[in-house]
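The values are calculated or read from the model by the stated rules, or taken from the named source; none is laboratory data. Remember, predicted model here, so these are calculated numbers, not experimental data. Cβ atoms come from the backbone with ideal geometry, glycine included; neighbour counts cover every protein chain shown. Accessible surface areas use protein heavy atoms only, side chains included; no ligands, DNA or RNA. Shrake-Rupley method; radii C 1.70, N 1.55, O 1.52, S 1.80 Å.
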Amino acid sequence: MCIYCNNRCVKNGSSYNKQRYLCKSCKRSFVDSYNYNACQVNTDQRIKEYLKEGCGIRSISRLLKVSVTTVLKRILLLAKKASRPMIAMGKEYELDELCTYVRYRENQIWVAYAIRKDTKEVIDFNIGRRTNNTLRPITNTLILSNAKKVYTDKLKHYGTLLPSKIHSTKKKGTNHIERKNLTLRTHLKRLSRRTICFSKSTTFLSACLRIYFWG
């Protein structure tokens, strides 16, 4: 039986003295057992689970008994497969920024993201300095979705990026996303305030967040 789809298989030559099989349905070729753990069917799923539970790259490497390079490559591939959810029209959103570091502690980077107020689902995020250029892609997404209301803190940038008729800075308007910030810092070690596990590049930080939010 196929290890991917449980359908009928036929013999398909050999590799390193191991019998290979070909699935008649999904056309994928495989062997019964692999010497290297990265070839196991559930490796990608386990990488996502460990990443979401706060494990660092080397921790995942030790737990799965695969190389660090393999873990890094798999995370980048999984991030490409993670797709942003469809954005509903006319909903309320909360928008905030989260401070972290890249490469060294003096290099501050901000993770700006928006959540839908009723479902708490992250609908968009961006990484960069705390400037209009970082925030504008997210605010444009919310404006194009005909957002009913967008709640933010009193950061001055939002006043220039969001129309006043949908922008609100009222007290307790960002309660849900502030709690989400704490959850992110708890689940992702690279976002903790006191850590040496921060990301080595913005590309990899973005990949980890895509997997956490949408993977």
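For region 1-150, the solvent-accessible area works out to 58 Å² per residue, with a probe of 1.4 Å and every protein chain left in place. Axis angle, to the nearest 10 degrees, between helix 68-81 and the longest C-alpha principal axis of the chain: 60 degrees. Across LYS48, LYS65, LYS18, mean-square fluctuation computed from a Gaussian network of the chain (C-alpha pairs under 10 Å connected) peaks at LYS18. Restricting the calculation to Cα atoms, region 75-161 shows an Rg/Rh of 0.99 when the hydrodynamic-style radius is the Kirkwood one. Here the 3J(HN,Hα) profile of region 23-33, calculated from phi with Karplus coefficients 6.51, -1.76 and 1.60 at θ = phi - 60°, is 6, 6, 9, 8, 6, 9, 9, 7, 10, 5, 9 Hz, Gly and Pro shown as x. For region 1-83, the set of chymotrypsin sites (Phe, Trp or Tyr not before Pro) satisfying both a DSSP loop assignment and a count of at most 16 other C-beta atoms within 10 Å is given as TYR4, TYR16, TYR34, TYR36. Quick one: pull the percentage of alpha-carbon pairs in region 1-119 with a separation above 19 Å. In whole percent, the long-distance tail amounts to 68. Pairs from the list LYS65/LYS180; LYS91/LYS180; LYS80/LYS148; LYS52/LYS117; LYS91/LYS154 with a Cα-Cα gap above 28 Å: LYS65/LYS180; LYS80/LYS148.
Note the per residue figure in Å³ for the convex hull of the C-alpha positions in region 106-215.
Values: hull volume 13.0 nm³, N = 110.
Spelled out: Cα convex hull of region 106-215, divided by residues, is 118 Å³.
Database remark: amide H of ASP124 closer than 5 angstrom to the amide H of ALA114 (H placed geometrically; neighbours at sequence offset of 5 or more, or on other chains; Pro and chain starts carry no H). Projected over every direction and averaged, the convex hull enclosing the alpha-carbon atoms of region 154-215 yields 5.9 nm².
Relative contact order, percent, of the chain when contacts are C-alpha pairs under 8 Å separated by at least 6 residues? List each step's numbers first, then the result.
Numbers: 329 pairs, mean separation 43.1, N = 215.
After rounding, I find 20 percent.
Once Rg and the Kirkwood radius are both taken over the C-alpha atoms of the chain, their ratio Rg/Rh works out to 1.09. The trypsin sites (Lys or Arg not before Pro) of region 93-175 that DSSP puts in a loop, and whose beta carbon has at most 16 other beta carbons within 10 Å, are ARG103, LYS120, ARG129, ARG130, LYS148, LYS154, LYS165, LYS170, LYS171, LYS172.
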